[in-house]
């Protein structure tokens, strides 16, 4: 009879361990999804600011149409990007075009003094900082999830329930994080 109790106790411990570990994976995956939603909110805010910024600059530098088209095209590609890798690549391209837009402002002192332009620059700079913070939070959650998925005994349980390693949201070396959009007043 005592052997039966031992077997039952072992089964209960194993089942409890599986439930706890499974719930841990669900918690980490949910945190990661929430963190991605934070990034998405900031990226959408950035996308909403760009047309206003372009229109403000257009008023002063109408002959810079090529730059405006590049910014608009990069924004469109970034908004349509599907995977994290595509999103990272599109965001890098968008950052590059924004730098060229701000470079135009250097040639137009009236634009640099425009209150609307200054406010848009401040908002964009604030948004860039929030994107970086959200990205760090997301990547920290991905790191924790991936560590759990890859370490023993979590890797066995992750395999049983089909939990896969998640992608980090990385930007290139010449990106916003390394070289933020320069905002001059």
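The values are calculated or read from the model by the stated rules, or taken from the named source; none is laboratory data. Just so you know, these numbers come straight off a predicted model, no measurement behind them. As a convention, Cβ positions derive from the backbone with ideal geometry for all residues, glycine included, and neighbour counts pool all protein chains shown.
Only one entry of 75, 29 meets the criterion of being within 18 Å of the chain's Cα centre (by Cα) and over 16 Å from residue 128 (Cα atoms), and that entry is 29. I'm checking my understanding of the structure. Among residues of the stretch 95-105 that are within 18 Å of residue 58 (Cβ to Cβ) and in contact (Cβ under 8 Å) with a residue 40 or more places away in the chain, which one is surrounded by the most Cβ atoms within 10 Å (Cβ to Cβ)? Filtering first and then ranking leaves 98. With respect to being out of contact with any helix residue (DSSP H, G or I) (no Cβ under 8 Å at 6 or more places or on another chain) and assigned to a loop (DSSP other than H, G, I, E, B), residue 146 falls outside the description. Of all the residues in the stretch 61-91, those that are without any contact (Cβ under 8 Å) to a residue 24 or more places away in the chain and not in a helix (DSSP H, G or I) number 4.
Restricting attention to the stretch 141-173, which residues are within 25 Å of the chain's Cα centre (by Cα), more than 18 Å from residue 83 (Cβ to Cβ), touching a residue at least 24 places away in the same chain (Cβ under 8 Å) and surrounded by fewer than 18 Cβ atoms within 10 Å (Cβ to Cβ)? The answer is 143, 144. Considering 112, 58, 99, 130, the condition of being modelled with pLDDT of 90 or more, assigned to a helix (DSSP H, G or I) and either within 21 Å of residue 45 (Cβ to Cβ) or touching a helix residue (DSSP H, G or I) at 6+ places or on another chain (Cβ under 9 Å) (or both) is satisfied by 130 alone.
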